[in-house]
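Below is one structure, written out as structure tokens; the observations come after it.
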Amino acid sequence: MRVATLALTLGAVLAATGCSRFGSDSGLNPLGWMGGGSKQPTTLEPKGGWKTQQEDGRQLVPQILSAGFQPLTEGKLLVVRAFAPVKGWWAVELISARVQPAGQMRPDDDGILRLRLVGNPPLPGSPEARMPANPQVDVLNVALPLSTLQLSRLRGIEIQAGGGGVSLKP
């Protein structure tokens, strides 16, 4: 009697696990026996596709004044000082030169992290577009934190701007 009860219980548990959410792709799931269930393709691509550099309408910042590292508890802070000939640049940021998933900064196969310093210039015809910038006070400061793990994978960093670029060793 106990063996029959144990066998019946074990069979019920196996049938229930075949219907579970995690086992829905398995052949044990009775909902998939007759071609039912969803056949949606699985992909890692985000909704709307991958963002490309062409979609980012920001321009390269004209000039880099300096670039260096500041120590952090767990890694270093890459600090870049740049200059634009007119006031009013906004949304200045260091972005990867190649398309990468959000929140990831990986070097190329040669170990070099290639970045672009981009931003939005002032709107044409705005008062800022007509005001020349002063190099002593109108400096654009941008920072990018890099963890110790990210730094261990780097052989160097190249930052591209409108008037050239700089290279750094981590």
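The values are calculated or read from the model by the stated rules, or taken from the named source; none is laboratory data. Just so you know, these numbers come straight off a predicted model, no measurement behind them. Cβ atoms come from the backbone with ideal geometry, glycine included; neighbour counts cover every protein chain shown.
Of all the listed residues (Ala97, Ala91, Ala102), the sole one being at positive phi, surrounded by fewer than 16 Cβ atoms within 10 Å (Cβ to Cβ) and among the aliphatic types (A, V, I, L, M) is Ala91. When the criteria are applied in full, Ile157 meets the requirement of being modelled with pLDDT of 90 or more, assigned by TED's automatic domain parsing to the domain that holds Gln63 and within 15 Å of Gly68 (Cβ to Cβ). Quick one: is Leu94 closer than 16 Å to Ser167 by Cα, modelled with pLDDT of 75 or more and not in a loop (DSSP other than H, G, I, E, B)? In short, yes. Of all residues in segment 68-86, exactly one satisfies the criterion of being of a type in the set (Lys, Arg) and either farther than 11 Å from Asn141 by Cβ or not assigned by TED's automatic domain parsing to the domain that holds Gly162 (or both), namely Lys76. Quick check, is Pro122 free of Cβ contacts under 8 Å to residues at least 60 places away in the same chain and either touching a Cys at 6+ places or on another chain (Cβ under 9 Å) or surrounded by 11 or more Cβ atoms within 10 Å (Cβ to Cβ) (or both)? Here the answer is yes, as Pro122 does meet what is asked.
So which residues in segment 64-88 are surrounded by fewer than 17 Cβ atoms within 10 Å (Cβ to Cβ) and either outside any strand (DSSP E or B) or among the polar types (S, T, N, Q) (or both), if there are any at all? Ser66, Gln70, Thr73, Glu74, Pro85, listed by residue number.
Taking the conditions exactly as written (at pLDDT below 90 and either within 23 Å of the chain's Cα centre (by Cα) or acidic (Asp, Glu) (or both)), does Arg116 satisfy them or not? It is false that Arg116 is at pLDDT below 90 and either within 23 Å of the chain's Cα centre (by Cα) or acidic (Asp, Glu) (or both).
Here Leu113 qualifies as under 30 Å from Gly48 (Cβ atoms), surrounded by 14 or more Cβ atoms within 10 Å (Cβ to Cβ) and in contact (Cβ under 8 Å) with a residue 40 or more places away in the chain.
For segment 141-154, the condition of being in a strand (DSSP E or B), over 20 Å from Leu168 (Cβ atoms) and out of contact with any His (no Cβ under 9 Å at 6 or more places or on another chain) holds for none of the residues. The residue that is surrounded by the most Cβ atoms within 10 Å (Cβ to Cβ), counting only those in segment 130-165 that are under 22 Å from Val86 (Cβ atoms) and among the β-branched types (Val, Ile, Thr), is Ile159.
Sub-6 Å Cβ pairs linking a first residue in segment 131-155 that is of a type in the set (Ser, Thr, Tyr) to a second residue that is surrounded by 13 or more Cβ atoms within 10 Å (Cβ to Cβ), at least 6 apart or interchain, are Ser147/Gly75; Thr148/Gly75, ordered by first then second residue.
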